[in-house]
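*Asks:* Structure in structure tokens, see below.
The values are calculated or read from the model by the stated rules, or taken from the named source; none is laboratory data. This structure is a prediction, so every number in the text was calculated from the model and none was measured. Note: ideal-geometry Cβ built from the backbone for every residue, glycine included; neighbour counts use all protein chains shown. The accessibility values were calculated without ligands, DNA or RNA, using every heavy atom of the protein model including side chains. Shrake-Rupley method; radii C 1.70, N 1.55, O 1.52, S 1.80 Å.
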Amino acid sequence: MEEEIRVAKIPWIPIILATIVVNFVGGLWVMLTGPMRMFYNLGVILCSIAFATSFYIFHIILGGLTQLTGSKWLASKLTRENMVYLLIIGSSAAWFMSPTGSAHQAWGGFIGTRLAYPEESVMLFPTFVAPATEFCKPLITGGTAVPWDVWAPFIVFWWIYLYGVALLFTALATILRKDWIDVERVPFQQAMILYEFIRRMPKPEKPKIKISPSSPFTIGFILGVVFNLPILMTYLFPWFPDIYGWRTNTCGHGAIMSLADTPLWSIIGISMVNKHPLAVSVMYLAPLNIIFNIWFWYFVYLVLMQVAFYMGYYTGLNDPGICPTGCCRAWGPVNIRMDPPYKWNAFASGGMIAMTFFYLLIRWRYIRDTLRAAFGGYREFEKGEPVSYKVSWLLFLVGFIVIMAVWMAAGMDLVAALLLPVTFFFFWTTKTRIWGMTGTYIRAAEHGHTLYRLLLWPKAPEPIVNHPSFVLAAYNSEFNVDCPENQNAGSYFSAFAAYRLADLLKVDTRNVFKVLLVVQALAPLVSVTTWCWGMHLFGSTKLGWGAYVGSPPLDRNANPANWNRLPGREPWVHIFFIGFLAMGAISYLHSKFVWFPFEPIGFLMAFSEACLFFGVWLPALIAWILKYLTLRVGGSRLYEEHGIPVAAGFSIGFVSVSFIGGIIGIYRWFFPF
């Protein structure tokens with residue numbers, strides 16, 4: 001018999017206070033952890049899969065304190081509803097307290113433009129986007145009070161924009177919730193991991209629980225600690241042996257930066273290879289056919305690259321003077337993503353837009369039914385939903401209009417502003433679906449220009465300082481589409497993760513929706529204000545982080561040399577449509593024929609930055625082998641009773657060490673050792 005969904009009173013005061021405290025503390029945390037901030041912050045600690053400490057750490061702390069003290073009062077707070085609310089608070093804050101993200105690729109780029117190009121910046125955007133240069137300089141030096149009258153318009157502007165993004169994506173998640181969560185049962189692995197931990201936490205009726213040291217979850221937890229602890233020690237003590245080779249030749253997303261000294265480097269097409277076991281533990285929870293398709297199609301890609309090489313293409317990739325690292329192979333003057341003949345970046349851009357387009361096409365009846373319900377013609381369809389579809393669609397329109405309005409006020413023209421939320425919609429619906437199915441996603445800034453190049457600016461207008469609308473569109477379309485922590489696109493992830501956990505715990509989604517709206521309104525306001533105060537207090541010179549001294553809008557996003565090669569060098573439009581149609585064909589065949597062996601998510605990931613830059617094909621291959629063997633040896637029972645708990649436990653153990661490492665990092669910032 002299915003468990004009844006509970007409806008409980010929302011504890012608004014604790015939720016609001018916790019949201020304020022978490023965003024304030026997390027904002028300072030990422031500032032004060034120094035060179036350790038990449039892996040030991042409260043936000044994203046593995047950017048290639050958007051894995052964040054704050055999804056889990058508050059549950060770990062409360063569960064641990066309850067277990068240690070046996071407090072009935074603490075135990076009484078560990079209700080199923082509160083577990084979901086904690087996820088909403090932690091996940092909504094995660095996108096604002098990460099070492100990459102808003103401080104660099106939302107407002108940070110405009111601050112950098114003020115500092116690097118003071119005269120040009122006056123022509124490009126108003127002072128509410130970034131205050132005048134003389135008011136930005138103290139962010140470098142610190143040690144000064146905040147002139148709040150100057151910075152208040154900046155705070156309000158970014159708060160409104162970032163909340164507009166959250167409204168757009170929360171509304172979309174609410175509209176799609178029934179289809180993704182109830183019908184398709186999209187797993188959302190990072191919510192699954194938290195659920196596995198919550199199942200083993202103390203309960204209101206049982207403050208202390210028996211922990212078996214030999215249980216699968218405990219074994220996984222120990223493995224996570226054993227892996228992360230030596231890495232932490234190498235950060236703290238230079239003499240500590242680098243057991244996992246993490247100190248050298250390792251990128252911030254846990255990938256081997258260069259295979260130049262290995263036989264693998266002779267394989268044209270290989271760039272970086274992800275070696276992070278956290279990615280393996282998360283992808284182990286993904287459907288077997290998806291992770292199979294990731295590595296299978298990546299090997300097809302490698303074969304195609306060898307063919308192209310022997311035909312005379314990509315010859316510079318073997319020259320150590322041109323491309324000495326995997327990063328260079330993906331970004332350099334000769335690279336695997338933008339150069340002919342394949343121009344994989346353009347191919348993947350077509351695929352990313354196609355995934356959402358063909359989802360809407362294949363599931364058109366579902367979209368039709370939500371609209372019918374919104375207009376009052378099919379009310380029974382919205383039974384059990386968080387809110388009526390009329391409210392959801394209106395909220396979607398409000399978010400859409402807010403995004404347009406703020407950037408039109410900043411200098412974008414109507415058509416460019418209209419195309420911005422359209423770009424967000426297509427790329428982030430695809431990314432969120434991938435994240436829900438695999439626990440990973442495609443981090444891909446270089447796709448964001450696609451619709452603008454197709455429809456508005458095939459080539460960058462010059463001089464670019466005379467075209468502020470173009471510069472603003474180039475910056476926002478590229479960096480918002482990059483990763484969830486850049487411009488609050490992670491609110492899409494947060495909303496779906498909350499709905500998935502609510503489904504697993506049988507919590508009323510109406511309350512979840514309300515809490516999402518309130519928490520996501522507070523998070524950007526507190527975070528932008530905290531950043532402003534913290535940077536004036538400490539200064540980026542002392543922090544080694546937090547205020548650009550260069551200009552991404554002029555040096556990167558809108559730079560004609562960069563714009564004109566993204567998503568591929570000319571001619572690229574035909575490659576875009578090949579990717580679009582290939583994705584459409586696989587999506588259709590996968591939806592119609594059970595026997596069809598290929599599916600769209602793995603196919604797209606194999607030819608995108610997920611594999612070509614971040615190297616997640618290797619975690620996918622390892623996860624596939626482990627899961628295949630699990631199912632072959634013990635079937636679904638072995639997987640559910642042992643495989644899932646070990647994978648979830650590993651993630652929780654890893655996060656626990658990251659939290660402790662962050663505390664030590666902050667202590668070391670004040671008291672070096």
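*Asks:* Given a cut-off of under 8 Å on Cα pairs at least six residues apart, what relative contact order in percent is computed for the chain?
*Replies:* Rounded, it is 32 percent for the chain.
*Asks:* Moving to a separate point now. So which aspartates and glutamates can K459 reach, going by Cα to Cα under 12 Å and dropping same-chain residues fewer than 8 places off?
*Replies:* K459 reaches E570.
*Asks:* May I ask you to order 607-620, 524-537, 294-307, 256-269 by the average number of other C-beta atoms within 10 Å around their residues, highest value first?
*Replies:* With the highest mean Cβ count within 10 Å placed first, the list reads 607-620, 524-537, 294-307, 256-269.
*Asks:* Could you work out the local net charge near F654, counting Lys and Arg as +1, Asp and Glu as -1, over the other residues with Cβ closer than 15 Å to its Cβ?
*Replies:* Computed value for this residue: 0.
*Asks:* Related question: If a cysteine in the chain has no other Cys Cβ under 4.7 Å from its own Cβ, put it on the list, ordered by number.
*Replies:* By the Cβ distance rule, which asks for a partner under 4.7 Å, the isolated cysteines are C47, C136, C251, C327, C483, C532, C611.
*Asks:* Quick one: if you stick a label point 7 Å off each Cα along the C-beta vector at K383 and E119, how many nm between them?
*Replies:* In this crude spin-label approximation the distance works out to 7.0 nm.
*Asks:* Could I ask something else about it? Search the structure for amide H atoms under 5 Å from the amide H of I45, placed 1.01 Å from N in the peptide plane, and list their residues when 5 or more places away or on another chain.
*Replies:* F51, A52, T53
*Asks:* So what's the back-of-envelope 222 nm ellipticity for the chain, counting only DSSP H runs of four-plus at -39500 (n - 2.57) apiece and dividing by all residues, rounded to 500?
*Replies:* So the calculated ellipticity at 222 nm is -19500 deg cm²/dmol.
*Asks:* Can you give me the % of accessible surface on the chain that is carbon or sulfur? Probe 1.4 Å, all protein chains present, nothing else counted.
*Replies:* The value for the chain is 70 percent carbon and sulfur by accessible area.
*Asks:* How many nm separate the modelled label positions at I13 and I578, each set 7 Å beyond the Cα in the direction of the Cβ?
*Replies:* If labels sit at I13 and I578, their model points lie 6.4 nm apart.
*Asks:* Sticking to Cα atoms, compute the Rg of the chain to one decimal and its Dmax as the biggest Cα-Cα distance, whole number, in Å.
*Replies:* Cα radius of gyration and Dmax of the chain are 24.0, 71 Å respectively.
*Asks:* Sticking with this structure for a sec: Straight-line reach only, C-alpha to C-alpha below 25 angstrom: list the lysines that K383 could link to, leaving out same-chain residues fewer than 8 apart.
*Replies:* Within reach: K9, K178, K506, K514.
*Asks:* Between N249 and V300, what length comes free when the chain is fully extended (0.36 nm per residue of separation minus the Cα-Cα distance, one decimal in nm)? Walk me through the numbers before you get to the answer.
*Replies:* Details: separation 51, 0.36 × 51 = 18.36 nm, distance 2.67 nm.
Stretched fully, the N249-V300 segment lengthens by 15.7 nm.
*Asks:* Then there's this: What is the packing order of peptides 90-98, 447-455, taking the mean over residues of other C-beta atoms within 10 Å and listing the highest first?
*Replies:* Ranking the peptides 90-98, 447-455 by packing returns 90-98, 447-455.
*Asks:* Still on this structure, I have one more. Just the accessible area per residue of the chain, please: how many Å² with a 1.4 Å probe?
*Replies:* 36 Å²
*Asks:* I've got another one for you. For H449, what charge total do you get from the other residues with a beta carbon under 15 Å from its beta carbon, if Lys and Arg give +1 and Asp and Glu give -1? Intermediate results must be reported in sequence, preceding the final value.
*Replies:* Values: positive: R337, K343, R453, K459, R556, R565, R569; negative: E446, E478, D482, E570, E609.
Combined, the nearby Lys, Arg, Asp and Glu give +2.
*Asks:* Give me the base-10 log of I(q)/I(0) for segment 1-74 at each q in 0.20, 0.21, 0.23, 0.25 Å⁻¹, Debye formula, one uniform scatterer per Cα, rounded to two decimals.
*Replies:* -1.04, -1.07, -1.12, -1.15
*Asks:* How much space per residue, in cubic angstrom, does the convex hull of the C-alpha atoms of segment 78-188 take up?
*Replies:* Output value, Cα hull per residue: 165 Å³.
*Asks:* I need the peptides 543-551, 213-221 ranked by packing, meaning the mean over residues of other C-beta atoms within 10 angstrom, with the highest value on top.
*Replies:* By packing density, highest mean first, the sequence is 543-551, 213-221.
*Asks:* Now a separate question. Across the Cα atoms of segment 518-641, what radius of gyration and what greatest pairwise Cα-Cα distance (Dmax) are found, in Å?
*Replies:* 23.0, 61
*Asks:* Restricting things to alpha carbons, tell me how big segment 305-377 is in terms of Rg and Dmax, in Å.
*Replies:* My reading of the Cα-based Rg and Dmax gives 20.8, 66 Å.
*Asks:* Turning to a different aspect of this structure: Membrane-span-like helices in the chain: DSSP H runs reaching 24 Å or more (Cα, own axis), mean Kyte hydropathy at least 1.6? Provide the component values of the computation, followed by the final result.
*Replies:* Numbers: long enough: 12-32 (30 Å, 2.11); 148-177 (42 Å, 1.44); 216-236 (30 Å, 1.77); 288-310 (34 Å, 1.57); 344-362 (25 Å, 1.38); 389-410 (32 Å, 1.99); 414-438 (36 Å, 1.16); 509-538 (42 Å, 1.08); 573-592 (29 Å, 1.26); 617-638 (26 Å, 0.90); 644-670 (40 Å, 1.54).
Sorted by number, the helices that extend far enough and score high enough are 12-32, 216-236, 389-410.
*Asks:* Let me ask something else. Whole-Hz ³J(HN,Hα) for each residue in segment 178-183, computed from phi via Karplus 6.51 cos²θ - 1.76 cosθ + 1.60 with θ = phi - 60°, x for glycine and proline: what do you get?
*Replies:* 4, 5, 7, 8, 7, 8
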